[in-house]
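One structure below.
Read the figures in this text as sums done on the coordinates, not as results from a lab. Predicted model, so just to flag it, every value in this text is computed and none were measured. Glycine gets a Cβ as well: all are built from the backbone with ideal geometry, and neighbour counts include every protein chain shown.
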Amino acid sequence: MFDFLEPFITSIGRNTVRISAEQASNFAKGIAGDFNPIHDHDSKRFCVPGDLLFTESIRRLGLYQSMHFDFIEMLAADVDIQYPRNVEEGRHFITNSTGKNLVGIDIDGQLLSNQSFAAQFSLDYVQFSARSFPDILVPLMKQHGKMINPSRPLVIYQSMSFEFEETATAQIDLALDNSQFEIDGKRGRALFTFNLSSTGKTIGRGKKKLILSGLRDYQDDVMDQLTNDYLNKKYQYLLNQV
């Protein structure tokens, strides 16, 4: 079920965990396939991937019919992360040891009690989520004539949500439905909507929002180089795993 999470989470209490930079970086690359430089363990702007916090949330709190996650603060390494113990419908928070909110979670509907299904859905989602760059974001930025700063690329999670209209009886497939890009000066917001389907039938939908900083006019050659550097980094990592 959620055994794949064990190397990336250190439990230090009933509802408290800690994540090192190495654990977070290894999850991003090895599980999600996410090579965003802010998840490199030695990055000066390092933060724990939101998808790791999301997956641990599903493991601890359960998978519900409708859930919404707001990523409120970028999380540094080696911070005590406290999850709520008992949840029901409504608003909950993941906090640090001082009570500062890190992630807001809205829960609605029934608990889907099949743990194997919850684990597989979590894994499928984070791997779909990691396709944001370059598969979805690069064509979207080109369409709108703007790109991130190639020397200091910053793309961060704002929120994600999903809703099941029917309970799945088989593996779920996630597919991009639509993408939008809003520009406000040097800052942008990307919205992706995706469909959840099982055995060819749509059974739910979801949304993911990202914040992009340092926008400037789009340049094909510069973005091509940034994309190639990203893909080469991924290739070298996979080569080292063989």
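Points to keep in mind about this one:
- Taking Cα centre as origin and charging only the Cβ of basic (Lys, Arg, +1) and acidic (Asp, Glu, -1) residues, the dipole magnitude of the stretch 3-241 rounds to 460 debye.
- Karplus-derived HN-Hα couplings along the stretch 65-80 (A = 6.51, B = -1.76, C = 1.60, θ = phi - 60°), whole Hz, x at Gly and Pro: 4, 9, 9, 9, 10, 9, 8, 7, 10, 5, 9, 7, 6, 6, 10, 5
- Candidates G13, G214, G62: whichever shows maximal mean-square fluctuation once the chain is modelled as a Gaussian network with Cα springs under 10 Å: G13
- When the chain is treated as a GNM with alpha-carbon contacts under 10 Å, the residue of K44, K186, K207 showing the greatest mean-square fluctuation is K44.
- Computed Kirkwood radius, in angstrom, where 1/r is averaged over Cα pairs of the stretch 3-241: 18.6
- The alpha-carbon of K29 sits under 16 angstrom from the alpha-carbons of these lysines, leaving out residues fewer than 8 places away in its chain: K233, K234.
- Selection among I58, A28, C47 by position relative to the dipole of the chain gives C47 as farthest towards the positive end (Cβ unit charges, Cα centre).
- The magnitude of the dipole of the stretch 77-152, with charges of +1 and -1 set on the Cβ of Lys/Arg and Asp/Glu and taken from the Cα centre, is near 460 debye.
- Put in order of Cβ neighbour count within 10 Å, fewest first, the listed residues D40, D177 become D177, D40.
- The alpha carbon centroids of the stretch 125-194 and the stretch 1-60 are separated by 20 Å.
- For the stretch 116-238, the Cβ-based charge dipole about the Cα centre amounts to some 380 debye (Lys, Arg positive; Asp, Glu negative; other atoms uncharged).
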